[in-house]
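The values are calculated or read from the model by the stated rules, or taken from the named source; none is laboratory data. Remember, it's a predicted structure, so these values are computed and weren't measured experimentally. FYI the Cβ positions are ideal-geometry reconstructions off the backbone, even for glycines, and counts take in every protein chain you see.
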Amino acid sequence: MGLSVTEKIIAAHIVKGNLTPGEPIAIKIDQTLTQDATGTMAYLEFEAIGIDRVKTELSVSYVDHNLLQSDFRNADDHRFLQSIAARYGIHFSRPGNGICHQVHLERFAAPGKTLLGSDSHTPTAGGCGMLAIGAGGLDVAMAMAGQPFHLNMPEVLGIHLTGELSPWVSAKDVILELLRRLSVKGGVGKVLEYFGPGVKTLSVTDRGAIANLGTELGATGTVFPSDEITLKFLRAQEREEDWKELLPDEDANYSEIIEIDLSSLEPMIACPSSPDNVVKVKEVSGKEVSQVIIGSCANSSLRDLTIAAKALEGRSINPNVSFEINPGSRQVLENSDVSGVLRTLIHAGARIHQSGCLGCIGMGQAPATDTISLRTFTRNFPGRSGTKNDQVYLCSPETAVASAITGKITDPRELGEAPRVEMPEKFVINDNGIISPPKDGANVKIIRGPNIKPLPDFEPLPEELEAKVVLKVGDNITTDHIMPAGSKILPLRSNVPAISEYVFSAIDPDFPKKAKESGNVIVVGGENYGQGSSREHAALAPRYLGVRAKLVKSFARIHKANLINFGIVPMTFEDPSDYDKISQDDTLTIPGIRNALLTGAKTVTVKSSGGDTFQARLELSERDRYILAAGGLLNWVRAELKKDG
């Protein structure tokens with residue numbers, strides 16, 4: 001039986017386990033990336049391991065999330081990140097150089113390599129034939145220390161593409177269609193691999209846009225083949241030496257195959273407030289729009305800005321619309337200038353912002369009250385924009401610019417003949433925004449501002465756990481619900497005591513106070529608990545407040561891994577109907593939980609103060625169990641290093 005591209009990459013990097021789906025494996029990581037919202041904590045964790053220099057082939061620290069310097073904290077943390085990168089052998093992408101995924105695709109992505117990033121949209125690099133996976137910062141710190149990354153061998157779901165996209169239909173519509181079909185849970189435990197004749201009609205940035213939103217399906221990653229299209233892109237980036245052909249075998253076996261005829265797709269749009277609430281644009285056309293933004297790690301490439309500019313030639317932005325452009329990188333900005341794209345956008349009335357995440361992470365660009373905002377972003381979770389009861393729609397650059405012109409949600413096909421977009425054979429390359437580390441960083445002084453606080457220490461798991469249900473929630477709770485983003489909270493990312501005051505603030509602002517008063521805490525939830533961002537603060541901060549376990553119907557992959565890393569026991573209901581037997585403020589007792597973990601028990605008995613007794617599943621690897629018993633990954637690794645002398 002032949003191998004898929006995903007299996008070939010894993011087979012070349014596997015250090016433990018085999019290619020059997022669902023079985024625990026460990027793989028060598030070639031590259032890592034961090035961004036500033038997660039990076040400060042990741043590097044504090046790396047320091048705590050005690051390694052003198054990163055052991056990856058390449059590690060990059062990007063500053064792209066916290067670009068608003070409303071006080072000293074972000075600026076201080078940027079200096080910390082730059083100095084610690086120099087100390088430990090990490091490349092540093094300066095503020096304004098661009099969004100980590102766009103820059104990494106341009107300057108560092110390499111076919112056949114593995115990439116682990118402390119950002120959930122790291123799979124964007126799968127558009128260049130990589131196996132790129134989002135993870136918590138502690139997992140990335142371990143990879144930088146030379147440790148393999150542990151996961152369950154994913155299923156490889158084949159997406160067979162035929163045909164070619166019609167005018168005014170683009171890559172964003174492909175992944176929105178897949179979200180419509182599969183939902184935000186459809187990719188859990190899977191890598192999505194695209195193959196078939198339709199793949200060759202998609203550029204690398206098209207592929208990157210599709211790979212990016214695979215994250216919203218809950219997928220471990222997304223992989224495209226490396227072919228002549230990949231070579232063309234790398235040649236234009238003056239990185240031809242990084243190319244190698246990487247194709248699936250003709251008899252590659254996929255767990256399932258989904259057929260998509262690209263020529264049959266229409267412009268699609270995700271309605272409020274979930275990326276999978278997808279309909280055809282024509283079904284919601286005519287709704288008045290007040291804000292339109294082209295940007296984010298999904299759609300901020302030169303191609304995306306170019307199609308918008310060409311659509312605007314001879315046209316102007318509707319006077320009732322704020323049309324905003326967030327270029328994905330300094331390279332995109334410079335090439336837009338050289339090609340005349342930038343001038344066209346400015347002349348038509350666009351607001352040009354710096355290269356960064358900005359409104360996608362709630363860092364500015366909040367829409368007006370009771371208005372519709374169209375964005376080419378990745379997520380439209382409730383309130384993520386910074387405006388309460390927001391109405392955020394996700395769409396392609398084509399739909400975005402058409403709506404900015406008309407002032408209402410508009411199918412871009414109504415604009416008439418579609419312009420033709422050609423990318424340059426050679427991009428203008430300028431790596432001044434990327435600082436390479438010195439060969440020896442031993443004498444580099446790490447600059448720590450007052451917002452950098454030490455990592456808290458956590459005690460091992462007790463033999464018996466008695467914990468109060470301080471909060472009970474429903475399905476599809478996101479990491480934004482657990483640990484909100486935005487300009488008020490993100491600057492606290494390296495100060496665990498301060499940021500913990502905002503845990504679950506979107507659901508129950510009194511949660512931190514209640515948790516501190518309760519001692520040990522357990523949170524009860526529904527399906528797909530923890531979907532969304534990779535931010536480990538959604539595990540670290542609750543653990544600081546005394547959360548020792550979470551009992552839910554099912555977990556999102558990254559959040560479950562983060563819970564384990566910080567010693568919070570992730571449990572699932574053996575019988576989902578038992579969820580209804582628990583009330584908020586009940587006390588749950590789990591006798592012998594530590595012994596159950598260490599002896600490999602598949603279930604534990606949970607006793608409720610309400611009088612019910614039921615079973616909870618421990619779906620954990622042997623390594624996970626040792627980590628949880630130790631009270632977290634750092635505790636366990638330190639103990640293992642002591643054993644090794």
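Evaluate the stretch 604-620: report whether one residue or more is at positive phi and in contact (Cβ under 8 Å) with a residue 24 or more places away in the chain. Quick ask: steps written out before the conclusion?
Step one: filter the stretch 604-620 for residues at positive phi, giving 611.
Now restrict to residues that are in contact (Cβ under 8 Å) with a residue 24 or more places away in the chain: none.
The answer is no; no qualifying residue exists.
As a summary of the residue check, Lys426 satisfies the conditions (1) touching a helix residue (DSSP H, G or I) at 6+ places or on another chain (Cβ under 7 Å); (2) of a type in the set (D, E, K, R); (3) closer than 30 Å to Asp173 by Cα; (4) buried (at least 17 other Cβ atoms within 10 Å of the Cβ) except for the one numbered (4).
Once the stretch 223-247 is narrowed to residues that are closer than 25 Å to Val156 by Cα and of a type in the set (A, V, I, L, M), the residue that is surrounded by the most Cβ atoms within 10 Å (Cβ to Cβ) is Val223. Determine whether the stretch 372-380 contains at least one residue that is under 24 Å from Thr34 (Cα atoms), touching a Pro at 6+ places or on another chain (Cβ under 8 Å) and without any contact (Cβ under 8 Å) to a residue 40 or more places away in the chain. No, the stretch 372-380 contains no residue that is under 24 Å from Thr34 (Cα atoms), touching a Pro at 6+ places or on another chain (Cβ under 8 Å) and without any contact (Cβ under 8 Å) to a residue 40 or more places away in the chain. Counting only helices (runs of 4 or more DSSP H) that sit wholly inside the stretch 383-499, those with at least 3 residues that are outside the structural domain of Ser183 (by TED's automatic domain parsing) and over 23 Å from the mean Cα position of the chain (by Cα) are 397-406. With the condition kept exactly as written, say whether any residue in the stretch 353-369 is in contact with a Pro (Cβ under 6 Å, 6 or more places away or on another chain), touching a residue at least 60 places away in the same chain (Cβ under 8 Å), of a type outside the set (Lys, Arg) and in a loop (DSSP other than H, G, I, E, B). Looking through the stretch 353-369, at least one residue is in contact with a Pro (Cβ under 6 Å, 6 or more places away or on another chain), touching a residue at least 60 places away in the same chain (Cβ under 8 Å), of a type outside the set (Lys, Arg) and in a loop (DSSP other than H, G, I, E, B). Scanning the stretch 370-382 for residues that are in contact with a Gly (Cβ under 9 Å, 6 or more places away or on another chain) and assigned to a loop (DSSP other than H, G, I, E, B) yields Thr376, Phe377, Arg379, Phe381.
What are the residue pairs meeting all of these: first residue in the stretch 392-407, first residue farther than 16 Å from Val341 by Cα, second residue in a helix (DSSP H, G or I) and of a type in the set (Lys, Arg), Cβ atoms under 9 Å, and 6 or more apart or on different chains? Cβ pairs passing all conditions: Leu394/Lys172; Cys395/Lys172; Ser396/Lys172; Thr399/Lys172; Ala402/Arg413.
Taking the criterion of being in a helix (DSSP H, G or I) and either outside the structural domain of His104 (by TED's automatic domain parsing) or within 20 Å of the chain's Cα centre (by Cα) (or both), the residues of the stretch 9-56 that qualify are Asp36, Ala37, Thr38, Gly39, Thr40, Met41, Ala42, Tyr43, Glu45. When the stretch 252-289 is filtered for residues that are under 22 Å from Lys200 (Cβ atoms) and among the small types (Gly, Ala, Ser), the ones remaining, listed by number, are Ala252, Ser263, Ser264.
Give me a count of the residues in the stretch 252-300 that are over 28 Å from Phe224 (Cα atoms) and touching a residue at least 24 places away in the same chain (Cβ under 8 Å).
Keep residues of the stretch 252-300 that are over 28 Å from Phe224 (Cα atoms), which gives 272-273, 282-292.
With the extra rule that they be touching a residue at least 24 places away in the same chain (Cβ under 8 Å), the set shrinks to 272-273, 282, 284-292.
Total meeting the criteria: 12.
Only one of the listed residues (Gly218, Gly214, Gly187) is without any contact (Cβ under 8 Å) to a residue 40 or more places away in the chain and within 20 Å of Leu394 (Cβ to Cβ). That residue is Gly187.
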